[in-house]
Amino acid sequence: MTVFDLAITDRLLTTTRSVRKRLDLTRPVPPAVVRECLEIALQAPSGGNRQGWRWIVVSEPATRAALADIYRQGAGSYLDDRAREVAAGGNAQDHRVFDSARYLAERLQDVPVHVIPCVRAELPPAPTAGFAWPSLMGSIFPAVWSFQLALRARGFGSVLTTLHLRCADAAAALLGIPPGVMQVGLVPVAYTIGTDFKPAERRPLAEVVHWERW
């Protein structure tokens, strides 16, 4: 018999959303909460149990503002191009996601905490690097998701976003990230405005699961 309350566990897993518009930009995030959630994230599995993750927590307003500028530079024309695509044929969910992405880009500097998950990158040269990429990403993203789940359980929201990675060198210079360490995203963290998040619409399981072979 499991010792977990499955109803609560399943609700946590199915309602941890990518939060942008409902991040509360007015309330400071206690550093102790970030540390507690990161402690939980460190229990995630990693390739070869090497635990090559590194985390940069940014709360100083000037650094957040600089990161937000880098984020917008990284976004470049992507948001404008995406706007045209959505206007031409996007559905209601496409419009909501794009609108929230633009909202976050415009206000990222106001989000109280930015967390930059990183991983020590020891990729072999091509063509063998293709084999190493899944292992590398599999050594950091489980920890990122654990961090986000822990935040959600405590009334905080987050979103994993990657637009600044087009200007990763600028962010590395700003944050003092050494060579050999790869940023994999940026996670804005804040209290949420309300906690009534629901499961999202997804494709039917039968459309995406193949048994035994494709």
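The values are calculated or read from the model by the stated rules, or taken from the named source; none is laboratory data. Nothing here was measured: the structure is a model prediction, and the numbers come from that model. Because the Cβ atoms are built from the backbone with ideal geometry, glycine has one as well, and the counts that use them run over all protein chains shown.
Summary of computed values
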| read-out | value |
| --- | --- |
| Top-ranked residue of segment 132-145 - restricted to ones that are in a helix (DSSP H, G or I) and aliphatic (A, V, I, L, M), ranked as modelled with the lowest pLDDT | 132 |
| Residues located in segment 160-184, provided they are touching a residue at least 12 places away in the same chain (Cβ under 8 Å) and assigned to a loop (DSSP other than H, G, I, E, B) | 160, 162, 177, 180, 184 |
| Qualifying residue in segment 52-64 (condition: in contact with a His (Cβ under 6 Å, 6 or more places away or on another chain) and touching a residue at least 60 places away in the same chain (Cβ under 8 Å)) | yes |
| Matching residues, segment 30-51, being loosely packed, with under 13 Cβ neighbours inside 10 Å and either small (Gly, Ala, Ser) or touching a residue at least 60 places away in the same chain (Cβ under 8 Å) (or both) | 32, 43, 45, 48, 50 |
| Any hit, segment 174-191, residues being over 20 Å from residue 56 (Cα atoms), surrounded by fewer than 21 Cβ atoms within 10 Å (Cβ to Cβ) and touching a helix residue (DSSP H, G or I) at 6+ places or on another chain (Cβ under 7 Å) | no |
| Residue 187, sole failed condition from (1) under 21 Å from residue 112 (Cβ atoms); (2) part of a loop (DSSP other than H, G, I, E, B) | (2) |
| Qualifying helices (runs of 4 or more DSSP H) (wholly inside segment 1-87; at least 1 residues being aromatic (Phe, Trp, Tyr) and at pLDDT 95 or above) | 61-75 |
| Matching option when the condition is part of a loop (DSSP other than H, G, I, E, B), within 16 Å of residue 17 (Cα to Cα) and of a type in the set (Gly, Ala, Ser), among 157, 194 | 194 |
| Checklist (1) surrounded by fewer than 19 Cβ atoms within 10 Å (Cβ to Cβ); (2) over 26 Å from residue 63 (Cβ atoms); (3) within 18 Å of the chain's Cα centre (by Cα); (4) in contact (Cβ under 8 Å) with a residue 60 or more places away in the chain applied to residue 135, failing item | (3) |
| Among (1) surrounded by 15 or more Cβ atoms within 10 Å (Cβ to Cβ); (2) under 19 Å from residue 64 (Cβ atoms) - the single one residue 197 does not satisfy | (2) |
| Residue tally, condition assigned to a helix (DSSP H, G or I) and either at pLDDT 85 or above or exposed (fewer than 15 other Cβ atoms within 10 Å of the Cβ) (or both), over segment 98-131 | 15 |
